[in-house]
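Okay, structure first, notes after.
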């Protein structure tokens with residue numbers, strides 16, 4: 001009974017804390033609370049299109065979040081999902097633009113593979129640097145974000161620029177290169193479904209296979225893993241490759257499913273949010289799915305709140321920050337409770 | 001200056017580590033504090049330096065009682081300590097490190113030139129050769145130690161305590177360190193050296209105190225004693241005779257053979273042309289004081305460290321180039337000394353810790369996936385067979401006691417077709433019950449024909465388990481002796497102090 005109460009309190013207080021701070025902030029900026037919340041929930045459940053939008057937002061978060069979690073499991077702190085996402089998007093776009101005549105059944109898997117490999121390589125470089133030379137993957141992967149983003153900026157102004165259009169963007173993909181929609185009259189494409197399948201696969205891989213176990217063991221205690229004969233470096237490199245690969249798929253999904261062309265600002269910080277998705281989801285695929293959807297919903301609700309009640313979307317970012325702090329605190333206390 | 005400690009008592013978690021110890025130090029003498037690991041030497045000096053609080057007893061300076069509650073108290077009455085692990089900031093200069101924490105004249109903008117000048121003067125006076133403007137980062141271990149000494153001299157310490165000062169030094173550095181000590185003694189400083197090396201005690205001290213199991217067993221002037229008496233006092237427990245029958249082995253095909261195995265680190269041969277040959281079913285004990293190459297020997301055999309030169313043979317097959325996993329799969333097991341770092345995943349449960357060893361074993365896989373049911377039952381069976389005290393197999397191994405963790409590590413190693421087990425300090429830190437259990441398991445294993453390379457600093461353990469005993473000193477094999485009724489503790493003690501067995505016979 002007592003532990004049951006404990007658990008409930010444990011689960012409820014973070015929610016209450018976040019809610020309380022949100023209300024305080026809303027009062028501070030002086031908006032009508034009722035109108036703000038009405039806007040928020042209309043944004044979420046107002047119509048099919050809006051519901052679809054939640055999942056459209058969640059898809060790249062989910063995929064890149066899975067990627068981050070694989071890295072974290074092996075002690076490879078990949079903060080470069082943003083760059084890997086962009087590079088993945090670039091590779092997919094190049095395939096879509098130059099091989100656009102192929103039938104979708106061939107073209108789309110090709111784009112997928114290109115995104116996965118390109119994103120993987122982008123993380124593989126910091127991975128190999130860490131494994132072979134002991135360099136910090138944290139710094140390296142963040143720096144690679146800047147390179148990737150500017151590489152895309154460069155490309156869409158030069159060699160893959162749409163010649164018929166004055167703005168810096170690639171030409172629109174052919175119909176063949178676009179992911180089919182799940183629900184008509186929304187933007188929800190099959191990418192979300194794919195992401196769910198991948199979440200299940202990642203679970204099977206990390207928890208049910210020998211290789212996945214090695215990756216987790218290396219993250220837990222690399223020295224002990226080495227002492228029983230596990231090749232730690234190889235696991236770090238593999239996990240970096242997979243980690244970046246999933247971020248690359250997120251990039252593929254964004255260009256093939258949503259934008260249908262490569263543009264500046266393709267990702268609204270999905271790669272950075274993915275780090276939080278992995279963190280809040282406890283690096284577990286199920287947790288990653290749940291947090292990705294919740295963060296997607298927060299974003300969509302925030303946008304609607306801006307339209308309906310004039311609350312700036314900056315509020316969403318502030319709330320997100322508070323959520324992270326509250327949950328880290330909660331984890332800290334729950335570990336302390338267990339150890340006591 | 002005369003410091004005396006009288007009737008000092010101290011215990012950790014209810015276990016006594018110091019029982020009524022007396023100790024004293026005078027200006028102008030070198031006093032060695034000798035004893036095995038865990039005898040209480042460092043604890044006693046940490047009390048004098050204010051790092052630990054004594055539970056009973058008194059400390060007096062020149063006859064007047066003093067209270068020392070922290071290192072600042074100790075320094076204020078002129079007692080300083082150089083720890084085994086130096087406490088220096090790499091990126092600062094020597095001079096900055098020396099004055100760190102002091103409020104010199106002009107603080108916070110001290111007159112660096114004057115400070116440097118004073119350091120140079122002190123340096124010349126004691127022959128320390130310390131250069132105040134150098135960065136710590138570029139200094140050798142010996143130079144760093146001199147900076148630590150300078151830190152104390154700069155604070156005008158009259159009593160200097162050194163915790164295992166030679167453990168990190170190379171032989172030439174040790175000699176120049178002793179020269180420095182002689183200068184300090186001449187200048188009227190009182191010096192305490194914590195050590196377990198008898199040879200060094202004989203080279204430098206005026207007086208010696210021997211601690212054993214937290215009690216003072218001997219205190220005298222150096223000239224009143226000799227090597228044998230010191231080693232007896234230090235090891236001293238009434239060591240039980242071999243409790244095993246003398247067994248004979250067929251040495252024609254050795255189970256494990258090391259030929260001139262050498263491991264080089266920082267241009268120093270930490271394992272130095274080590275030869276060893278052991279028969280199937282034999283237990284060979286490697287005795288020796290900690291830090292004489294034990295870690296390197298164990299890791300060279302199991303492949304964690306590659307030998308720089310020489311070779312390793314396993315049942316006649318040259319495995320020098322084989323990987324760890326090859327060696328494990330061909331029947332080698334390893335119990336590392338530091339289980340938390342080298343053997344287990346603290347934040348994972350018992351099943352996962354079993355898998356750490358078994359995840360490549362076909363028995364534990366089914367259609368390419370890990371067989372959860374097999375893992376469950378195997379873990380439960382090991383827990384039962386080795387009497388591991390745990391609420392369940394799903395609990396993180398972190399929450400088990402050290403003894404139960406070690407039982408599980410042993411169980412995991414023994415649960416395969418072993419031919420050789422390298423057991424490095426297998427009972428370190430365990431209580432009597434767990435120690436006894438593990439030692440019995442090792443004996444039973446040897447009966448089944450598994451060879452055991454037992455590397456331990458616990459001489460009692462070596463003597464009660466081994467068929468033959470070899471001594472490791474500065475990475476070299478000092479010789480091998482049969483563990484029978486002719487075994488002499490004095491001979492072992494002398495070998496542990498760096499004398500070759502063949503020289504002793506002569």
Ascending count of other beta-carbon atoms within 10 Å, so fewest first, for A:86, B:399, A:270: B:399, A:270, A:86
Square roots of five times the Cα gyration tensor eigenvalues for the range A:63-289, Å: 31, 19, 14
Between 0 and 90°, nearest 10: helix B:372-385 axis offset from chain B longest Cα axis: 70
Efficiency of FRET from Cβ geometry, residue B:377 and residue B:416, R₀ 22 Å, rounded to 0.05: 0.85
Anisotropy class of the range A:155-233 from Cα gyration tensor, a/c 1.5 cut: oblate
Cα-Cα P(r), the range A:278-337, percent of pairs per 5 Å interval: 4, 17, 20, 22, 16, 10, 6, 3, 1
Potential extension, residue B:275-residue B:100 segment - 0.36 nm per residue separation minus Cα distance: 58.2 nm
FRET efficiency estimate (nearest 0.05) - Cβ-Cβ, residue B:137 to residue A:268, R0 56 angstrom: 0.80
Residues listed by number, the range B:435-460, amide nitrogen under 19 Å from residue B:338 label point at 7 Å toward C-beta: B:455-458
Chain B, relative contact order in percent, only Cα pairs under 8 angstrom and at least six apart counted: 15
Cα-derived Rg to Rh of the protein assembly as shown, Kirkwood definition: 1.05
Label point distance in nm, residue A:209-residue A:196, each placed 7 Å from Cα along Cα→Cβ: 2.3
Shielding by partners - mean other protein chain Cβ count within 10 Å, residues of B:327-337: 1
The range A:299-317 residues near the modelled residue A:28 label - backbone nitrogen below 17 Å, point 7 Å along Cα→Cβ: A:311-317
31 Å tail of the calculated P(r), chain B, as % of Cα pairs: 53
In nm, spacing of pseudo-spin labels at residue A:183 and residue B:387 (7 Å Cα→C-beta vector): 6.4
Least to most buried among A:73, B:85, B:340 (fewest other Cβ within 10 Å first): B:85, B:340, A:73
For peptides A:164-176, A:198-210, B:271-283, sequence by mean Cβ density within 10 Å, most packed first: B:271-283, A:198-210, A:164-176
C-alpha center-to-center spacing [the range A:278-340, the range B:68-133] in angstrom: 50
Pairwise centroid distance, computed over Cα atoms, of the range B:253-276 with the range B:359-412, Å: 34
Order of A:317, A:291, B:121, B:435 under a 10 Å beta carbon neighbour criterion, fewest first: B:121, A:317, B:435, A:291
Calculated Rg and Dmax of the range A:95-149 using C-alpha coordinates, Å: 15.2, 45
Rough spin-label spacing in nm, given labels placed 7 Å along Cα→Cβ, for residue B:226 and residue A:45: 9.5
Reciprocal mean inverse distance between Cα atoms of the range B:2-235 - Kirkwood radius, Å: 18.3
Quotient of Cα Rg and 2.2 N^0.38 Å for the range A:80-206, N being how many residues it contains: 1.20
Cβ-derived FRET efficiency at R0 51 Å, residue B:436 paired with residue B:206, nearest 0.05: 0.75
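Readers should treat all values here as calculations from the given coordinates under stated rules, not as data from a laboratory. Every value quoted in this text rests on a predicted model; they were computed, and no experiment measured them. Please note: Cβ atoms are built from the backbone with ideal geometry, for glycine as well, and neighbour counts cover all protein chains shown.
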